[in-house]
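Below is one structure, written out as structure tokens; comments come after it.
The values are calculated or read from the model by the stated rules, or taken from the named source; none is laboratory data. Quick caveat, the model's predicted, so the values are computed rather than measured. Backbone-built Cβ (ideal geometry, glycine too); neighbour counts: all protein chains shown.
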Amino acid sequence: MHRIAGVTARSIPVLFEPVESLVKSKKKASKKEKAAYNKAKRKNTMCDQSVKHMLTLRKAFDAAGAFARTILFTLDGGFCNRKVFKATLDRCLVLARCRKDAKLCFSANDPVHPRKKYADEKFTPESIRKNDSIPYRSGKFFIGGKYRKIRYKEVHNVLWQRAAGEKLLRLIVLAPIPYHLSLNSKANYREPAYLLTDANDLSIGKLIQAYVDRWEIEVNHRDEKQHLGVGDPQVWNDSSVDRFPAFIVASYAFLLLASLEAYGAKRTDEYLRPPKWQRRRTRPSCLDLLALLRKEAIENPELLKSADLTFEPVEACLKAAA
């Protein structure tokens, strides 16, 4: 969207499912019961469920006719492990933030020991950042509403013996980005970022931009929790505890898609005018979309008759706004 309309990327949710937590074994449980609990816990993690849903999305892409297109999964640091990098993901690539102290190496390539796979010399992403012999390169990436300069390093054909085995990876080091709290304040610096990916043939610009755009997932979580109440379902049926949050997130996704189809990516005059003290936004927020939806519902009550509501639409909109 930064190329099409000059605004920050918009993330559309496509899946929202809970991961059940197991009942922890009691302190007086036997060793056999504790071992069974630990084994079941290792098989029921967020990473296991994520890999399962990655395969589901790949099948959905194929069913939609996108068989020839590759999916790039941009993940947070909690998913940078062996369960993700060693998973068999056909026509899928992974880009994940890794720890600064991850033990990496290159291939051995030792003619004396041809069966040796990993070199003895190990290095970490932090050591690559501090290595002055590897120069920084820079590029312009769309972040925070405009194109900004980001410095980076990259190392090809990296091996992560513990998590990825013999799979060749690519290490990307992002330098700390300076920022100012005010015009005359001193420069503060954010933490550096270290990325590992198996997308060895993809351009570095696309990978870094994809990682920057991943922040929109956090924006989704904030909107769903603060403005839509996805974490506060008031339901009686046990099955609804899982279904209600998924329904709310699906409604949120349709709201975002409808706004893009009807009004485009930018904030237009159709939206309610913000107060004078508020900075002019180029992209409508979730509150802007909800306010416009209530306004249209009040002005066009006949459009809501198909929903078979047992109360007045105007009253419903006012209660929702409150």
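Brief remarks follow.
- R280 being part of a helix (DSSP H, G or I), closer than 28 Å to H221 by Cβ and either at pLDDT below 75 or not hydrophobic (A, V, I, L, M, F, W, C) (or both): no
- Test result for C98, closer than 22 Å to E191 by Cα and either in contact (Cβ under 8 Å) with a residue 40 or more places away in the chain or not assigned by TED's automatic domain parsing to the domain that holds I128 (or both): yes
- The single condition among (1) under 30 Å from T124 (Cβ atoms); (2) touching a residue at least 24 places away in the same chain (Cβ under 8 Å); (3) of a type in the set (G, A, S) that S203 does not satisfy is (2).
- Subset of region 93-117 [more than 18 Å from H156 (Cβ to Cβ) and in contact with a Leu (Cβ under 8 Å, 6 or more places away or on another chain)]: R97
Every residue, every condition in (1) modelled with pLDDT of 80 or more; (2) part of a loop (DSSP other than H, G, I, E, B), yes or no:
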position	(1), (2)
D242	yes, no
P245	yes, no
F254	yes, no
L260	yes, no
L293	yes, no
I298	yes, no
L303	no, no
T310	no, yes
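- Hey, S127 free of Cβ contacts under 8 Å to residues at least 60 places away in the same chain, of a type in the set (S, T, N, Q) and either assigned to a loop (DSSP other than H, G, I, E, B) or surrounded by 15 or more Cβ atoms within 10 Å (Cβ to Cβ) (or both) or not: no
- Pairing each residue of region 262-284 that is under 19 Å from I4 (Cα atoms) with any residue that is of a type in the set (D, E, K, R) and outside any loop (DSSP other than H, G, I, E, B), provided the two are 6+ apart or on different chains, yields C-beta distances under 7 Å for R267/D288.
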